[in-house]
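Heads up: the structure comes next, in structure tokens.
The values are calculated or read from the model by the stated rules, or taken from the named source; none is laboratory data. From a predicted model like this one, the values you see are computed outputs, not experimental measurements. Don't worry about glycine lacking a Cβ; one is built from the backbone with ideal geometry, like all the others, and counts go over all protein chains shown. Heavy atoms of the whole protein, side chains included, go into the accessibility calculation; ligands, DNA and RNA do not. Shrake-Rupley method; radii C 1.70, N 1.55, O 1.52, S 1.80 Å.
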Amino acid sequence: MKRLRNVTVPEAVALALTIAVVVVILFGAATSATAFGAFNYGWDGTADLRAVADATTDSAVLGNTSTYDRLPGNGTLAVVLGPSEPYTSAELERIDAFVRRGGTLLVSGDFGPGANEVLAGIKATARIDGTVLRDERNHGRSPAFPLATTVSESAEGRVDGVEGGIDGVDELALNYPSWVVMPNGTDGAIMAETSAYAYADENRDGDLDDEESMRAYPILTRESLENGTVLTLSDPSVFINSMLDRGDNRAFAQALFSASERVRFDYTHSGEVPPLVQALDVIRSSPLAQFLFGTALVGGVVLLRKCGRDIRDRFGRRSPTVEDIELTESEIVDLVSKRHPDWDRDRVTRIATQLAARRSGHQEPVDDDP
């Protein structure tokens, strides 16, 4: 290999730039800046939530809604966070069938229409109001960050094997939440709600006006659809990276995930999935893609080995020594004399003779003592 001291500055700069470009390309292909995105490592992403799921149960990100057709109902939790694009009627039918055969669906949104479109599409009764809540007494860093408390154990309802309230969760830290509307007479349960000092800020002026009243507002509800369950959460920010360690948000996620055999995150309508993630999902789900990828990988290895000699020759060259150069004894005398003009003629001749002898096969040591 080429020694570091023999690597030129242009070569070192080119190599560093190449590595940097490759790293940036791979990072960009595997991450996302989409809000609530599973591969968004920023403050508004849910990459940490995905890590919690990976550590708790069998989890994966859905690449296509057709996967719902193959998902087992019982023991599966599907999570839809802040959908920003509408689902087609065929896609909603797949989700509806998944729930009714025993699946659990968590739908979370706040101010956009996406979550309500999903709830309506599967004929759930809960809806997200879309009005921001504030709480002047029970809140985090400001009244716009109210706290939600779980219902008492005497409340009716069941969330993924946890009777009444959610085990280990006393409060959820919210971030500009809305609230869940449950029509009268519906068969549902409130699993988490704000304190009695919360109010819906209808005009968004940040104040409690005369027409706005304080009361407890539902944040998380549960209802049954045939054999399945729908959970409606009016603040997806509970799960983002910057909020996951506030309140009992992380414990809430762990409680939901640990009660399920598998968790699937549906980001198919929540912004663009990174291309590298899409490619890996295609490879995992298609035998043909696996064959083509394997063939390309083997071909790349073969090509790399074939080019390996040229690469080694390029970066493995070393500076030639006197022994590498085909010189006669007289040429060696001239070369040594030029390099060491202070040496006497006899010494130069003796060294040249010994070098010539070594080249001819005699391994006599070179004596360069004066």
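Return yes or no: is SER270 at pLDDT 85 or above, out of contact with any helix residue (DSSP H, G or I) (no Cβ under 6 Å at 6 or more places or on another chain) and not in a helix (DSSP H, G or I)?
Details: at pLDDT 85 or above: no; out of contact with any helix residue (DSSP H, G or I) (no Cβ under 6 Å at 6 or more places or on another chain): yes; not in a helix (DSSP H, G or I): yes.
When the stated conditions are applied, SER270 does not pass them.
Taking region 156-172 only, how many residues are surrounded by fewer than 16 Cβ atoms within 10 Å (Cβ to Cβ) and either modelled with pLDDT under 70 or touching a Gly at 6+ places or on another chain (Cβ under 9 Å) (or both)?
If we filter region 156-172 for residues that are surrounded by fewer than 16 Cβ atoms within 10 Å (Cβ to Cβ), which is where we start, we get 156, 158, 161, 163, 168, 170.
When the remaining residues are screened for being either modelled with pLDDT under 70 or touching a Gly at 6+ places or on another chain (Cβ under 9 Å) (or both), the result is 156, 158, 161, 163, 170.
Looking only at that region, the number is 5.
Contact list please: Cβ distance under 7 Å, first residue in region 219-230 and at positive phi, second residue surrounded by fewer than 19 Cβ atoms within 10 Å (Cβ to Cβ) and not hydroxyl-bearing (Ser, Thr, Tyr), pairs at least six apart or on different chains.
GLU226/ARG100
Can you tell which of ASN116, ASN138 is closer than 30 Å to GLY206 by Cα and crowded, with 19+ Cβ neighbours inside 10 Å?
Details: ASN138 fails: crowded, with 19+ Cβ neighbours inside 10 Å.
Answer to the check: ASN116.
Can you tell me which residue in region 91-105 is farthest from GLU117 (Cα to Cα), limited to those that are open to solvent by 50 Å² or more (accessible area, probe 1.4 Å) and either without any contact (Cβ under 8 Å) to a residue 40 or more places away in the chain or touching a Cys at 6+ places or on another chain (Cβ under 6 Å) (or both)?
Looking at residues that are open to solvent by 50 Å² or more (accessible area, probe 1.4 Å) and either without any contact (Cβ under 8 Å) to a residue 40 or more places away in the chain or touching a Cys at 6+ places or on another chain (Cβ under 6 Å) (or both), I get ARG94.
Within region 42-58, which residues are farther than 18 Å from THR76 by Cβ and either outside any helix (DSSP H, G or I) or in contact with a Phe, Trp or Tyr (Cβ under 7 Å, 6 or more places away or on another chain) (or both)?
GLY42, TRP43, ASP44, GLY45, THR46, ALA47
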